[in-house]
Amino acid sequence: MASALLLSALVHPLTASEESAADFFRKDKEYWSKGLVAPSTPSWAGSLSVGAMRPSKNSSQEEVARAVAEAARSKLGAEHVDAALRLTKLESGFRCHVKGPATRHGRAVGPLQVMPKSAEALGISAADLHRDCIAQINAGILHMERCIQVGAVKYHQLASCHVSGWGGWNKRLARNAEKYRQQYIRMAAASNVPAWAGSLR
């Protein structure tokens, strides 16, 4: 997979209308829920540096999208590539080392925003999750695989499983958690693969 990542560095910045789920929920936690107005700059969105993605140290969003597509095709099958790309677009805008809001369970990280404990349950160490974008992608794809194994096959089901975990994706959650999940599913439904990544399907 790594050999296919040697692409020219293309930058596809997010617009205000395309903020990732990590960005959205961080802003919601840090500003809206406190009655504050979020700043117009994305400084609250966490680190946007791409970190260590083999073989490139300055991986573009196109490289991330290609790695996600290849991992999904290899591990899940071609029919799930579109869902993997849509979730990655929603979660991080195809950026490595994007951090989600701080929670009592830690902070989700990476293109598919996997929690460190979830990654460890899937066989990927928290250390690798924080330093290697390929490990982050693999954790996200392994999470999707687990979701598929427990019956979350359609895109909206995968979105539900992605945000609430494979143990409770089809169960009604507590009030606030259910509200959060429904908001996420609505955002997932609106998330489309950008034109520049469409050929990766």
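Below is a table of values for the structure above.
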{"item": "Diffusion constant of segment 61-201 at 4 °C, which comes from Stokes-Einstein with the Kirkwood Cα-pair radius and 1.567 mPa s, µm²/s", "result": "88"}
{"item": "Sorted by Cβ neighbour density within 10 Å, fewest at the top, the residues Asp82, Asp132", "result": "Asp82, Asp132"}
{"item": "Förster radius 22 Å - calculated FRET efficiency between Glu145 and Ser199 (Cβ-Cβ, nearest 0.05)", "result": "0.40"}
{"item": "Extension gain, Thr103 back to Val153 (0.36 nm per residue minus Cα-Cα distance, nm)", "result": "15.2 nm"}
{"item": "Segment 72-87 versus segment 124-201: alpha-carbon centroid distance in Å", "result": "11"}
{"item": "Order by protection proxy (mean Cβ within 10 Å, highest first), peptides 177-184, 114-121, 155-162", "result": "155-162, 114-121, 177-184"}
{"item": "Estimated distance in nm for a label pair at Arg131 and Ala174, the labels positioned 7 Å out from Cα along Cα-to-Cβ", "result": "3.5"}
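Coordinate-derived values only; no laboratory data. Being a predicted model, the structure only gives us computed values, none of them experimental. Using ideal geometry, Cβ is built from the backbone for each residue, glycine included, and neighbour counts are taken over all protein chains shown.
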